[in-house]
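To keep things clear, I will list the structure first and then write my remarks on it.
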Amino acid sequence: MTKKIAVFASGSGSNAENIYEFFKDNSTVEVTLILTNNANAGVLERASRLNIPSLVFNRTDFYNSTKIVDILESNAIDLVVLAGFLWLIPENLISAFPDKIINIHPALLPKYGGKGMYGDNVHKAVVANGEKESGITIHLVNEHYDEGKILFQAKCDVIHNDTYEDVASKIHALEYEHFPKVIEEVLNSL
Ligand code: GRF
């Protein structure tokens, strides 16, 4: 029975593509759908290049209708993966997919989490605060930003002359290495 993943992204979608590549020769797992809140997101170009069905939605679709939940359910989605998705997840989606929504955050939660802490903002804060390490956190999603149960963390060093771009590239390397494997473990546990 093929396990089906829906990936939500708001930006470039490099993690979404990496996840697709990891599973593309695996007949038991597929990236079924890519969804975004941003009509200009780079993830849409990746989806069309990879022939993955994609969907752009707005706030009304997401917060004032059952449209997105209906689409996920009609596609028999097993796991919702947030990969650089910037909006808070609405209650109806969380209750439709209990413990089946996971997110990757580019820092070692609970530090550098919460509203406004995304992308380069995180790495700039890490560098500004003179942190000696950073990393990634993969967690279950609940109704609060970045507060669900932590499933996995991996660390990288932050050396004294690292720029926030240096930290970002170390973090992306960790994301590409670990996120697909954690997704596979979660799917196996479903
Ligand atoms: C990643 O750094 C991820 O940790 C964060 O948003 C970024 C998404 O990058 N949530 P991309 O769109 O996958 O390239």
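Only the coordinates and a few stated rules stand behind these numbers; no lab work does. All of these numbers come straight from a predicted model, not from anything done at the bench. Ideal geometry is used to build each Cβ from the backbone, glycine not excepted, and the neighbour counts take in all protein chains shown.
Assorted remarks:
- Selection within the range 148-177 - under 15 Å from Lys111 (Cβ atoms) and in contact with a His (Cβ under 8 Å, 6 or more places away or on another chain): Ile150, Ala154, Val167, Ile171
Quick grid of which residues meet (1) away from the ligand (no atom under 11 Å from the Cβ); (2) in contact with a helix residue (DSSP H, G or I) (Cβ under 8 Å, 6 or more places away or on another chain); (3) more than 26 Å from Val56 (Cβ to Cβ):
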position: Pro90; (1), (2), (3): yes, yes, no
position: Gly116; (1), (2), (3): yes, no, no
position: Ala128; (1), (2), (3): yes, no, yes
position: Asp146; (1), (2), (3): no, no, no
position: Tyr164; (1), (2), (3): yes, yes, yes
position: Glu177; (1), (2), (3): yes, no, yes
position: Asn188; (1), (2), (3): yes, no, yes
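- Candidates Asn121, Asn38: the one that is surrounded by fewer than 19 Cβ atoms within 10 Å (Cβ to Cβ), free of Cβ contacts under 8 Å to residues at least 12 places away in the same chain and either within 12 Å of the ligand (Cβ to nearest atom) or within 12 Å of the chain's Cα centre (by Cα) (or both) is Asn121.
- Residue check: Phe97 meets all listed conditions (1) within 16 Å of the chain's Cα centre (by Cα); (2) away from the ligand (no atom under 16 Å from the Cβ); (3) aromatic (Phe, Trp, Tyr); (4) surrounded by fewer than 18 Cβ atoms within 10 Å (Cβ to Cβ) but one, namely (4).
- Residue in the range 1-19 that is nearest to the chain's Cα centre (by Cα), counting only those that are in a strand (DSSP E or B) and more than 16 Å from Val141 (Cα to Cα): Lys4
- For the range 49-83, filtering for residues that are outside any strand (DSSP E or B), more than 16 Å from the ligand (Cβ to nearest atom) and either among the hydroxyl-bearing types (Ser, Thr, Tyr) or touching a residue at least 40 places away in the same chain (Cβ under 8 Å) (or both) leaves 10.
- Enumeration of residues in the range 1-32 that are within 19 Å of Phe85 (Cα to Cα) and away from the ligand (no atom under 16 Å from the Cβ): Lys4, Thr32
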